[in-house]
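A short worksheet on the structure shown next.
The values are calculated or read from the model by the stated rules, or taken from the named source; none is laboratory data. What you see is a predicted model, and the numbers here were worked out from it, not measured in a lab. Neighbour counts run over all protein chains shown; Cβ positions are idealised from the backbone, glycine included.
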């Protein structure tokens, strides 16, 4: 079974999509790593510069160190922002190569991905910024909703259960917190699920930024459960790998007297740099899984809604007919010279290609009394000529002899 049959010939469930994404990630791990490595290193260097600048930013050590620290913070932030934008740009540009890889089995190469990214660079940057702004606005909206709900809950619900036993209050608070967190997550996924196909619509269908956003809204409908399954799977493995890398570091820091709590301020520089490194490593390792899953889901959505598999199957089995229309022969333009022809051919018209003009010979003029002995006739067509004509006016033949016509 080829790649086309295994990936696009039938609708896939969320488990099938996750399974194929993991297998493809394992198979093409080196190529995916080469694709995201350069922008990730730029973002990592920017994060390290920001960490060093913030660690030494203080007016106590003098103005020069304060200026150097501020420059490190500003420059590090610029490098970090460029690296993050570049990271998501190359991930979006990988969509076209992945779709070609799924359909015709073409190998996934970093060179091809970078070439497609250069072709649609500004569109990818615009789409990345637009999606980032939408995500930030969505998080801000959810934060405001959470603050309002927590305030209402604190001032109106707590006094209702204050007479209950402590264990019942704890259970009630945990139940409300879990329910509210689930509702916030569902609301986030309902909105975020509408924009996950923007890179695929931009690169595969060659649409503009806003058209790609509209296309993603249209295509992602009724896929909330599968999108939520892929997102939660990626989030779970990301947290698991990050904690797997961070726990040994925290143990080592804890036994060396470092305050590892989130509200701890005085952390050594080596701990902050190590934490930044582990965060970047986990992002490099796990972000391509989400891209693979959403790209397979994009193809599956088109299979379910638009019959994309039938279209691909027809293109593979029924190549288009090479129909070449017959050439249209344009008649040559007739140019009439204003200068009289010495051959008497000003009135000559060539016959059209493939056609013959049959004309009746013009009757010979009646001979006059003055020129009976000087009249000539063409031997080819019999056209009479005047006394001064050297060539036939109809066919162009030369008059070689005189013909005497008796009265």
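Can you say whether residue 155 is in a helix (DSSP H, G or I) and within 27 Å of residue 298 (Cα to Cα), as far as the supplied structure shows? No; evaluated as a whole, the condition is false for this residue. Pairs are defined by a Cβ separation below 8 Å, a sequence spacing of at least 6 or placement on different chains, a first member in segment 235-257 that is under 19 Å from residue 273 (Cβ atoms), and a second member that is loosely packed, with under 13 Cβ neighbours inside 10 Å; no pair meets this definition.
Does residue 243 satisfy the criteria of being assigned by TED's automatic domain parsing to the domain that holds residue 301 and modelled with pLDDT of 85 or more? Considered against the rule, which asks whether it is assigned by TED's automatic domain parsing to the domain that holds residue 301 and modelled with pLDDT of 85 or more, residue 243 comes out as yes.
Can we say residue 45 is modelled with pLDDT of 85 or more, more than 26 Å from residue 130 (Cα to Cα) and assigned by TED's automatic domain parsing to the domain that holds residue 205? In short, no. For segment 88-103, check the following and say yes or no: at least one residue is without any contact (Cβ under 8 Å) to a residue 12 or more places away in the chain and either under 21 Å from residue 298 (Cβ atoms) or assigned by TED's automatic domain parsing to the domain that holds residue 207 (or both). Checked segment 88-103: at least one residue is without any contact (Cβ under 8 Å) to a residue 12 or more places away in the chain and either under 21 Å from residue 298 (Cβ atoms) or assigned by TED's automatic domain parsing to the domain that holds residue 207 (or both).
Among the residues examined, residue 110 does not qualify as more than 30 Å from residue 273 (Cβ to Cβ), in contact with a helix residue (DSSP H, G or I) (Cβ under 8 Å, 6 or more places away or on another chain) and either modelled with pLDDT under 85 or surrounded by 13 or more Cβ atoms within 10 Å (Cβ to Cβ) (or both). Checked against (1) part of a loop (DSSP other than H, G, I, E, B); (2) surrounded by 16 or more Cβ atoms within 10 Å (Cβ to Cβ), residue 274 passes all but a single condition, namely (1).
Residue check: residue 206 meets all listed conditions (1) outside any helix (DSSP H, G or I); (2) surrounded by 14 or more Cβ atoms within 10 Å (Cβ to Cβ) but one, namely (2).
Being assigned by TED's automatic domain parsing to the domain that holds residue 302, closer than 30 Å to residue 13 by Cβ and either free of Cβ contacts under 8 Å to residues at least 12 places away in the same chain or in contact with a strand residue (DSSP E or B) (Cβ under 9 Å, 6 or more places away or on another chain) (or both), is that true of even one residue in segment 148-163? No, the conditions are met nowhere in segment 148-163. In segment 167-180, is there at least one residue being in contact (Cβ under 8 Å) with a residue 60 or more places away in the chain and part of a helix (DSSP H, G or I)? The answer is no; no qualifying residue exists.
Would you confirm whether any residue within segment 88-98 is surrounded by fewer than 20 Cβ atoms within 10 Å (Cβ to Cβ) and part of a helix (DSSP H, G or I)?
no
Looking only at segment 113-122, which residues are in contact with a helix residue (DSSP H, G or I) (Cβ under 6 Å, 6 or more places away or on another chain) and either in contact (Cβ under 8 Å) with a residue 40 or more places away in the chain or farther than 16 Å from residue 35 by Cα (or both)?
113, 116
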